[in-house]
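Student: Have a look at this one.
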Amino acid sequence: MRGTFIVMEGPDGSGKSTQIELLKEYLDQKGQEYIVTREPGGTVIGEAIRGIILNPEYNEMSDVTEMLLYAASRAQLMKEVIVPAIESGKVVISDRFVDSSMVYQGIARGLGAETVSAVNAPGIGNYRPDRVFFIDIPEEEGLRRKKEQKKLDRLEQESIDFHHMVSKGYRKVLARRPDVVQIDGTLPIDEIQRIIREEMQSIMY
């Protein structure tokens, strides 16, 4: 039986990680097998690539290099983790997927969403998320939260104008798509989780 592929998307600081932890509790209660992964990363190779992409010391990285590194990490994650899990009937929860690249590199970096989609196509194949939970939050609030949590990585250190482009890009890329559930990220944490669980209930049971 084919599994369910769930993706959490949103600007930096939107609360994806918190919602994933709460969703794990829900799936545990249901006795549902699942895996959780993240982008970039999720495999030995992917985590090594993550260390390069997000390292603040690599400010000389070109936008094209950044796009290709994300695509390489994603291709490895698909082959090694996501596809086997889906085909074995598990729920896959991914912290970001290709929509992030279409937004960050395609729109905010100006490389074009179509270009990013084409570059990622060989690695993704015919697999697409069953649901994308897009947690939308004002970029200033997201960055404020991030600064309170930890040292900022290379992308988080970008200018506020870059993060404005990311937020606008998400709304453009994900607007009116039937697989996307857009959620106001300023809602209370438990209310956001309630919306997510109700949607999970509708697609799984």
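Student: Given (1) basic (Lys, Arg); (2) modelled with pLDDT of 95 or more; (3) within 27 Å of Glu198 (Cβ to Cβ), where does Lys79 come up short, assuming only one miss?
Tutor: Exception for Lys79: condition (3).
Student: Please go through the range 163-195 and pick out each residue that is among the hydrophobic types (A, V, I, L, M, F, W, C), in contact (Cβ under 8 Å) with a residue 40 or more places away in the chain and surrounded by fewer than 15 Cβ atoms within 10 Å (Cβ to Cβ).
Tutor: Passing the criteria: only Ile189.
Student: Looking at this structure, is Asp99 surrounded by 12 or more Cβ atoms within 10 Å (Cβ to Cβ), among the acidic types (Asp, Glu), at pLDDT 95 or above and within 24 Å of Asp28 (Cα to Cα)?
Tutor: Details: surrounded by 12 or more Cβ atoms within 10 Å (Cβ to Cβ): yes; among the acidic types (Asp, Glu): yes; at pLDDT 95 or above: yes; within 24 Å of Asp28 (Cα to Cα): no.
The answer is no for Asp99.
Student: Say we look at the range 58-88 and pick out the residues that are out of contact with any strand residue (DSSP E or B) (no Cβ under 9 Å at 6 or more places or on another chain) and touching a residue at least 60 places away in the same chain (Cβ under 8 Å); which of these is surrounded by the fewest Cβ atoms within 10 Å (Cβ to Cβ)?
Tutor: Per the criteria, the residue is Asn59.
Student: Additional query: Taking the range 24-51 as the search range and keeping residues that are in contact (Cβ under 8 Å) with a residue 60 or more places away in the chain and touching a helix residue (DSSP H, G or I) at 6+ places or on another chain (Cβ under 7 Å), which one is farthest from Arg194 (Cα to Cα)?
Tutor: Only one residue fits best here, namely Glu39.
Student: Now, a different point. Scanning the range 7-23 for residues that are charged (D, E, K, R) and touching a residue at least 12 places away in the same chain (Cβ under 8 Å), which turns out surrounded by the most Cβ atoms within 10 Å (Cβ to Cβ)? Can you show your working first?
Tutor: The initial filter retains those residues of the range 7-23 that are charged (D, E, K, R), namely 9, 12, 16, 21.
Going one step further and asking which of them are touching a residue at least 12 places away in the same chain (Cβ under 8 Å), we end up with 9, 12, 16.
Details: Glu9: 25, Asp12: 20, Lys16: 22.
My answer is Glu9.
Student: So which of Thr37, Thr18 is under 26 Å from Arg144 (Cα atoms) and assigned to a helix (DSSP H, G or I)?
Tutor: Step by step, each of Thr37, Thr18 is checked, and only Thr18 is under 26 Å from Arg144 (Cα atoms) and assigned to a helix (DSSP H, G or I).
The values are calculated or read from the model by the stated rules, or taken from the named source; none is laboratory data. These numbers were taken from a predicted model, which means no experiment stands behind them. With ideal geometry, Cβ positions are generated from the backbone for all residues, glycine too; neighbour counts draw on all protein chains shown.
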